[in-house]
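The values are calculated or read from the model by the stated rules, or taken from the named source; none is laboratory data. No experiment lies behind these values; they were computed from the predicted model shown. Here the Cβ is made from the backbone with ideal geometry for all residues, glycine too, and neighbour counts use every protein chain on show. Only protein heavy atoms, including side chains, enter the accessible area calculation; ligands, DNA and RNA are left aside. Shrake-Rupley method; radii C 1.70, N 1.55, O 1.52, S 1.80 Å.
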Amino acid sequence: MKKVQIAGAILSIAVLFGMFLVPESIGLSRQGINTLGVLIAVIIALVTEPISIGITCILGVALMVIFGVYPNISGALSGYTNHILFFVLVSFGISEAIAKVPLSKRLLVFMIRIFGAKSERVLLALMLSAATMSSIMSNVATTAVLVTVVLDFLRVYKDADARSHSAKAFMIGLPIASMLGGMITPAGSPLNILGLDCLQKEAGITVNFVQWMLIGTPVAIVMLLFSWFVIIRVFKPAPIDKASTDAYLASLNIPSHFDFHEKYVTFIVCCMFCLWILSSWFPVLNITVVGTVGFTFLFLPRLGVLEWNRYSKNVSWASYFLIGTMMSLGSALSANGVSGWLVDMFFSGKMNLSLPFVILLIGITVFLMLIPIPIGPALISMLGAPFVGLAVSWGISPVVLIMTLVLCAANCFLLPLDTVPLLTYATGTYKMSDMPKVSIIIQLVLAVLLALWLPVSLGILGFI
């Protein structure tokens, strides 16, 4: 066990015992203090990993009962009854089906043909491909699929120094693009559905599929191009000749024509996307329902491309347990008064600022909170309900704060601590200190862009 893991285990245990020394005079009940203590202990364990993420989350369920966060196990497991968990399982199946056929590689080749063979243009093609894929499939799966493609591509650099320097641009650009692409549609990330679910439950407001796209797509496109521009300025990839790029594309061995399975997967994905759009007018076509039906068709004998045994082995069960446990903790934080207490500490009283400045303040606050809590589901579960109440007290639409919360929390790439950037950080191609060189400015610009665009788009859609 590494030193950081030992330290994490000791610190987590210390928090669990230390929370009994915190007096209720701080404004929280004993149940609220214990809820906050369990959350902090679990987050420390998740970041330092003294035990695996999945086991930490399973243990977290037990801790919620042991320390009185919930009176019984049914409450502690409440997060696992949410339809979002089902969508997580479905999204991994869709991702595996796309990865199993040459569709993702074909998209990348198509983008490179359009934008050119220069190294900066190849990076742009990669980021656009990642964002496009991530708009309908998990950003974790998107990054996992493309990281091997990038590692293969980097072999075109014969010089070790050139390869090492260029790898920083590609390996940092990939997770950023995947996360930005998740803003395009509600299906792009479970966090989007988590935010929409909170908005519906707490405020009775529905943001449909098309409305989300009208809000998120322009932001994603602008930020994607800006991120690419920043990355090539900070980590300018070494030049490569067209012959090397062409040789790499040839090495992918992509068939010139779609075979039956690739056509079938493409057809299923296109049908799901069309039905998701129609869900804006026909609520029965719920995102999870449509995804589940499409997921099932991918398993049909002779027609489908997935097999249950293989799928069940490839599912990221760590992500499943992470979201389930964090949703249970999020509900407890709200029910036990912790969320409201935290929001009152930072945003007490009437906010006498214009709407763009309110959005900018909330956006920056969310990004800062992602440093100690680099887990999007935890942050949305913790702040969703209080933000709805805060919006009402400020006299603004809850959609404003919830959309700001979700779109910022979904872009947790200040440091490579979230699962998505960790996939590329684990390749050893860049240091933890490299990512902030580009991520700080990208997150600041995203906060500014949301401050400018959300009042306009939400006004057009009639939410404010």
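Summary of values
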quantity: Between helix 242-251 and the chain: long-axis angle, C-alpha atoms, 0 to 90°, nearest 10; calculated: 80
quantity: Burial order of peptide ranges 363-369, 298-304 (average beta-carbon count within 10 Å, highest first); calculated: 363-369, 298-304
quantity: Selection from Ile44, Leu151, Gly32 lying farthest towards where the dipole of the chain points positive, charges on Cβ; calculated: Leu151
quantity: Distance-filtered residues of the stretch 84-121 - backbone nitrogen under 17 Å, label point 7 angstrom along Thr296 Cα→Cβ; calculated: 86-91, 93-94
quantity: Cα-centre dipole for the stretch 53-130 with unit charges at Cβ (Lys and Arg positive, Asp and Glu negative), debye to 20; calculated: 500
quantity: Spin-label model distance (nm) - Trp281 vs Arg310, 7 Å beyond Cα toward Cβ; calculated: 3.9
quantity: In nm, spacing of pseudo-spin labels at Ser251 and Leu303 (7 Å Cα→C-beta vector); calculated: 3.9
quantity: Relative contact order (%) - criterion: Cα under 8 Å, at least six apart; region: the chain; calculated: 21
quantity: Pairwise centroid distance, computed over Cα atoms, of the stretch 411-464 with the stretch 1-62, Å; calculated: 27
quantity: The chain - accessible surface per residue (Å², probe 1.4 Å); calculated: 41
quantity: For peptides 441-449, 328-336, sequence by mean Cβ density within 10 Å, most packed first; calculated: 328-336, 441-449
quantity: Net lengthening on full extension, Phe86/Thr427 (0.36 nm per residue, minus Cα-Cα); calculated: 119.7 nm
quantity: Chain lengthening between Val22 and Phe115 when straightened (0.36 nm per residue, less Cα-Cα); calculated: 27.6 nm
quantity: Extension gain (nm, one decimal) between Ile441 and Lys242, 0.36 nm per residue minus Cα-Cα; calculated: 68.5 nm
quantity: For the chain, convex hull of alpha carbons as volume per residue, Å³; calculated: 146
quantity: Restraint check, Lys100/Lys168; Lys118/Lys431; Lys158/Lys236, Cα-Cα greater than 22 Å; calculated: Lys100/Lys168; Lys118/Lys431
quantity: Computed magnitude of the charge dipole of the chain (debye, nearest 20; Cβ of K, R +1, Cβ of D, E -1); calculated: 760
quantity: In order through the stretch 305-316: 3J(HN,Hα) via Karplus (6.51 cos²θ - 1.76 cosθ + 1.60), integer Hz, x for Gly, Pro; calculated: 10, 10, 10, 4, 4, 5, 4, 5, 7, 8, 5, 7
quantity: Between helix 30-48 and the chain: long-axis angle, C-alpha atoms, 0 to 90°, nearest 10; calculated: 20
quantity: The stretch 91-247 - percent of accessible surface contributed by carbon and sulfur, probe 1.4 Å; calculated: 64
quantity: The stretch 195-294, relative contact order [Cα under 8 Å, separation at least 6], %; calculated: 30
quantity: Farthest positive-ward along the chain dipole, Cα basis, beta-carbon charges - from Trp276, Leu124, Ala426; calculated: Leu124
quantity: Carbon/sulfur fraction of accessible area - the stretch 268-406, other protein chains in place, 1.4 Å, %; calculated: 70
quantity: Relative packing of peptides 278-286, 5-13 - highest average C-beta neighbours within 10 Å first; calculated: 5-13, 278-286
quantity: Alpha-carbon Rg with Dmax, taken over the stretch 295-393, Å; calculated: 19.5, 62
quantity: In degrees, nearest ten, helix 139-153 long axis to first principal axis of the chain (Cα); calculated: 30
